[in-house]
Every structure is written in C-alpha cells, then in structure tokens.
Amino acid sequence: MGKAGRSIASELETRGFSVVPCFLTKDDVSADLLAFLADAPKFSDGVINGIPEAEMAGIRSKVEELVPELAGLLGLSIRNDRFKYCSIRIKEAHGPAVVRTPFDVHSDPKIAPGGVLNWHLDHFSYYLYEDHWNWLICYMPVIKPSPDLANLAIVPSDVLEACDPELARRVRGRGAMRFRCVEPDTVDWFAMRFPGQPIAIGDWFAIDDYDDATMGWKIDIDLERHKVVPRLEVHDLLIMRADVIHRTNDAGSDRISIRCDGMPLCAREVDTLSGLLKLTARLPFVGKKRRYNLSNWVRGEWRQHLRTIAGKCVLP
C-alpha cells in the first residue's frame, strides 16, 4: 500500500488502531458467506469459527497482503503464512446490564444483552499463545445497518500512556484481562474479588484472568471518559493491536463482522492434531486460571477432531 501503509502503521504505533474505509467490496462478501454467519453457532467466547474457506478468498487476499506489510513497518514478528479467521455476531438489544447473583468472584457481576462485551483484552488468543505484542487484529463489518451503531469503543494507546502509565506498562503485550467500574449494585462483588482493599463507587479496576498471583489492581483512568468510538461503515476495516483495551460500544443494531488475527511468529499450531496433543499434555502444568479456561477450548477441539476421524472411517 506504500504511503497508505505507512500512514496506517504510524497510527498503530501511536494510537494502537487505524480505520481503512471501503477496505472490502460487495464482491468480497458473498450471499452464501452472509447466510452461514447468520446461523452458525458461537463458541463460549462469543465467536463463530469454521468459516468456509471457499467464501473467504476475496477477504483473505486483501488482509494477507496488508498485514505482513504493516508488521514489517512496525517491527513485529508475525507469521506471513498463518492467519486466524472468525466472526463476531451481536443481536440488537436494549436495556441495562443484568446483575448476576449469587456473585462468583471469577465471573462478571453483570452481563449486557445482545452479546455486548465489556472492557477487555482478548482471552483465548492469549491463553493459547501468550503474545499480544506481535499480534494485529483486523475487524471488518459485513452486516451493519448504521455506521453510528454497534461499533467498538477503544482506549487509544497514547491516551492510556498519558493518563495511567503504570497500566500502559502492565498491559503491554498482554491479554486475558477485564476492566470494570465499581457500581452501586456491584460493590459487594468487588469486595469479594479484592478483600481488604478500600472499594468506592466509581473506582476502576483491572481484573487479571491469567496471572494466578494476582486478582487485579485499582487503576487511575476512567475508561469511559477517555474512550473513542470509530465510526464504521459496512466493509470498512478497523485494525488494531491486540493489547489495546476495547469493548463493544453498543448493541443498537444487529451486526456481523469478520475478524482476522495476524499471529506471532512463534505461534504453535494448536489446531492441528499434533499441536492439540502437545497442548493437552501441557495442561496439568500451566497456571490454574489458564488451565480452567483452556480446558473448555481443548474439549471442543477434541470433539471436532474425533468427528473428523469418525467421518473418514465410515465405510462407503
């Protein structure tokens, strides 16, 4: 992309994200692809996997030309031959988040309707690969009635560095984290999660879902006050670094998006049979939080592999 690529890379380096208008065309997004995404089941982390390869050719060619160029400009060690594709689907929903009682110290105290995700750094990609520095996320809406609804909210990297340099340092290259504000109906949950700490309504906390040594810590930034919400049309591209704090801004309309992850050079091929065997063998030796969450993913992968093996063994 030449000059355009350098501009995108500059924004990624300073702010952590960039928007590329009209990245896809109608020819890249077939009716068959949209029909599949509308009905496909979601995994436990809310994403749709197993998108048919035949329907992704146009999208893949554009993404896999752009991401290696940007990685080179940014000095990131990203594989040029391995990209992870999935889809994210939310349904239009209105109304406040619902309190989940009885409280569980490891689960969110409130859940929003419509598949809306609160402030976070992605979990499963970090559980699997432990590297969100050498990682770029491409996010492309393919069904989105309004450019003003169902967007992502982001805390730009430069804003985070200016407001809370300690948090900026601690999230560098990280994933598997949530960020929550203490509200009147969640004070008791925070008291359970952070016993002995002073808890006040309006305080913000980082919640560590990876490191067994910490439950998290109080932070010095109000994410809602410092967020930006890029306005996305259908077929635009939002590209961002994986360690940029983000959330679903709203579920004001239905939305389906394609996501592609540019993965670290050292990424293990855990979705192959040999990779899955190695990961399964390592599970007893990883941290408790990581093991708990990975176990669900591993079980699903084994079910898929066993179904594939059983299908090949059926006699004609």
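The values are calculated or read from the model by the stated rules, or taken from the named source; none is laboratory data. Note that the coordinates shown come from a computational prediction; the quantities given were computed from them, not determined experimentally. Neighbour counts are summed over all protein chains in view; Cβ atoms, including those assigned to glycine, are modelled from backbone coordinates with ideal geometry.
Given the condition of a type outside the set (S, T, N, Q), more than 28 Å from VAL29 (Cα to Cα), in contact with a Cys (Cβ under 7 Å, 6 or more places away or on another chain) and in a loop (DSSP other than H, G, I, E, B), answer yes or no: does some residue in segment 221-231 qualify? Taking every residue of segment 221-231 in turn, at least one turns out to be of a type outside the set (S, T, N, Q), more than 28 Å from VAL29 (Cα to Cα), in contact with a Cys (Cβ under 7 Å, 6 or more places away or on another chain) and in a loop (DSSP other than H, G, I, E, B). Of VAL29, VAL19, all but one fail to be aliphatic (A, V, I, L, M), within 30 Å of GLU161 (Cβ to Cβ) and in the same structural domain as LYS227 (by TED's automatic domain parsing); the exception is VAL19. Annotation note: of ALA153, ALA168, ALA206, ALA213, the sole residue that is assigned to a loop (DSSP other than H, G, I, E, B), under 30 Å from CYS266 (Cα atoms) and of a type in the set (A, V, I, L, M) is ALA213. Residues that are small (Gly, Ala, Ser) and free of Cβ contacts under 8 Å to residues at least 60 places away in the same chain within segment 292-310 comprise SER295, ALA310, listed in sequence order. When ASP188, ASP209, ASP243 are checked against the criterion of being among the acidic types (Asp, Glu), surrounded by fewer than 20 Cβ atoms within 10 Å (Cβ to Cβ) and in contact (Cβ under 8 Å) with a residue 12 or more places away in the chain, a single residue qualifies: ASP188. Do the conditions hold for GLY58, that is, is it in a helix (DSSP H, G or I), out of contact with any Phe, Trp or Tyr (no Cβ under 9 Å at 6 or more places or on another chain) and modelled with pLDDT under 90? Considered against the rule, which asks whether it is in a helix (DSSP H, G or I), out of contact with any Phe, Trp or Tyr (no Cβ under 9 Å at 6 or more places or on another chain) and modelled with pLDDT under 90, GLY58 comes out as no. Residue count for segment 114-152, restricted to those that are small (Gly, Ala, Ser) and at positive phi: 3. Among the residues of segment 270-293, write down those that are surrounded by 12 or more Cβ atoms within 10 Å (Cβ to Cβ) and in contact with a Lys or Arg (Cβ under 9 Å, 6 or more places away or on another chain). Of everything in segment 270-293, those that are surrounded by 12 or more Cβ atoms within 10 Å (Cβ to Cβ) and in contact with a Lys or Arg (Cβ under 9 Å, 6 or more places away or on another chain) turn out to be VAL270, ASP271, GLY275, LYS278, LEU279, LEU283. Residues that are at pLDDT below 90 and more than 24 Å from the chain's Cα centre (by Cα) within segment 279-316 comprise HIS305, LEU306, ARG307, THR308, ILE309, ALA310, GLY311, LYS312, CYS313, VAL314, LEU315, PRO316, listed in sequence order. Among the listed residues ASP236, ASP209, ASP250, which satisfies the condition of being among the charged types (D, E, K, R), in the same structural domain as TYR139 (by TED's automatic domain parsing), closer than 30 Å to TRP302 by Cα and out of contact with any Asp or Glu (no Cβ under 6 Å at 6 or more places or on another chain)? From the options ASP236, ASP209, ASP250, the qualifying one is ASP209.
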